[in-house]
1. Within the stretch 37-51, is even one residue under 13 Å from G156 (Cα atoms) and without any contact (Cβ under 8 Å) to a residue 40 or more places away in the chain?
2. Among the residues of the stretch 63-97, count how many are within 11 Å of the ligand (Cβ to nearest atom) and either closer than 19 Å to T178 by Cα or in contact with a strand residue (DSSP E or B) (Cβ under 8 Å, 6 or more places away or on another chain) (or both).
3. Please go through the stretch 109-135 and pick out each residue that is hydroxyl-bearing (S, T, Y) and buried (at least 16 other Cβ atoms within 10 Å of the Cβ).
4. How many of the residues in the stretch 125-138 are free of Cβ contacts under 8 Å to residues at least 60 places away in the same chain and touching a strand residue (DSSP E or B) at 6+ places or on another chain (Cβ under 7 Å)?
5. Find all pairs meeting these conditions: Cβ atoms under 7 angstrom apart; at least six residues apart or on different chains; first residue within the stretch 109-122 and over 11 Å from I162 (Cα atoms); second residue more than 9 Å from the ligand (Cβ to nearest atom) and charged (D, E, K, R).
6. Which residue is nearest to I82 (Cα to Cα), if the candidates are limited to the stretch 106-139 and must be within 16 Å of the ligand (Cβ to nearest atom) and of a type in the set (A, V, I, L, M)?
7. Checking the structure you have, find out if any residue of the stretch 167-183 is of a type in the set (A, V, I, L, M, F, W, C), closer than 22 Å to T67 by Cβ and surrounded by 24 or more Cβ atoms within 10 Å (Cβ to Cβ).
8. Go through the stretch 194-212 residue by residue and tally those that are buried (at least 21 other Cβ atoms within 10 Å of the Cβ) and closer than 21 Å to Y271 by Cβ.
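What follows draws every value from the coordinates through simple rules; no lab data is involved. Computed from a predicted model, the values in this text were never measured in an experiment. Reconstructed Cβ throughout: ideal geometry from the backbone, glycine too, with neighbour counts over all protein chains shown.
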Amino acid sequence: MKTFSATRALSFSAAIGQCLAATTQGIPGSIYNRLVEMATISQAAYADLCNIPATITTVEKIYNAQTDINGWVLRDDSRQEIIIVFRGTGSDTNLQLDTNYTLAPFDSLPKCVGCAVHGGYYLGWISVQDQVESLVQKQATQYPEYTLTVTGHSLGASMAAITAGQLSAIYDHVRLYTFGEPRTGNLAYASYMNENFEAASPETTRFFRVTHADDGIPNLPPTEQGYVHSGIEYWSGEPHSAYSTFVCTGSEVQCCEVQGGQGVNDAHVTYFGMASGACTW
Ligand SMILES: *[C@@H]1O[C@H](CO)[C@@H](O)[C@H](O)[C@H]1NC(C)=O
């Protein structure tokens, strides 16, 4: 297991700050297909995992009644992969989490020094932490050579990010794919995520933060309240294709965010032509 020091976190965030924003157009087909597969699972999570790829089997449901957090542990034996997916907002109870912008100390992960995350989603995470950790441990013990991947859309994206951050303290090489992710934490959290998921460059990153057109949710909660994004942004344009996907690294406000979308809009609910829960794929 890697050790982590606060000094390293600070120098890393300083290095990121110095990086100039860079945007490149076009991604390899293999990465594009992977983003589409994870988007399919994330959008299917709104409708009991309708039409997910046939190689994927459902292991167990994740659920808490108080927070109405829903998710699944899945397994893809063809890829030797354990996948956790969280559903996005599906109820008024979820909406109460969405709108709670109070930054909460990331107390469940003390090695993330100075880290704070979205208060509503932190309550969501705490409500399912025991379930997630024991389900993953069972699978990881039974399939020790499998890798671990976490994904989700919207509220599910932030849940995925917090979960992946937590699990990356236990498991190596956790991968994270988020779609329409709100800003999930403060600068210390973002630096921790970028370091743990090697997100300094698209060559190494295991944190793919996928955005779409002028999706307004990545503009919330506001930066003025101490929130920043992490991961490498993969900005999907229309018509969606590998060629119309941009890789955006470096500074905070570019690509999706500068389009100026605010809140839930058409671009938020549809990724790669798939609308949340529509099952038309
Ligand atoms: C908002 O989140 C914070 C931090 O998780 C929590 O302490 C507080 O109770 C939440 N507020 C509501 C109204 O749920």
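1. The answer is no; no qualifying residue exists.
2. Applying the first criterion (within 11 Å of the ligand (Cβ to nearest atom)) to the stretch 63-97 yields 66-67, 93, 96-97.
If we keep only those that are either closer than 19 Å to T178 by Cα or in contact with a strand residue (DSSP E or B) (Cβ under 8 Å, 6 or more places away or on another chain) (or both) as well, we get 97.
Total satisfying the criteria: 1.
3. Y121, Y122, S127
4. Of the residues in that region, 0 qualify.
5. If the second residue must be more than 9 Å from the ligand (Cβ to nearest atom) and charged (D, E, K, R), the pairs left are G120/D98.
6. V128
7. yes
8. 8
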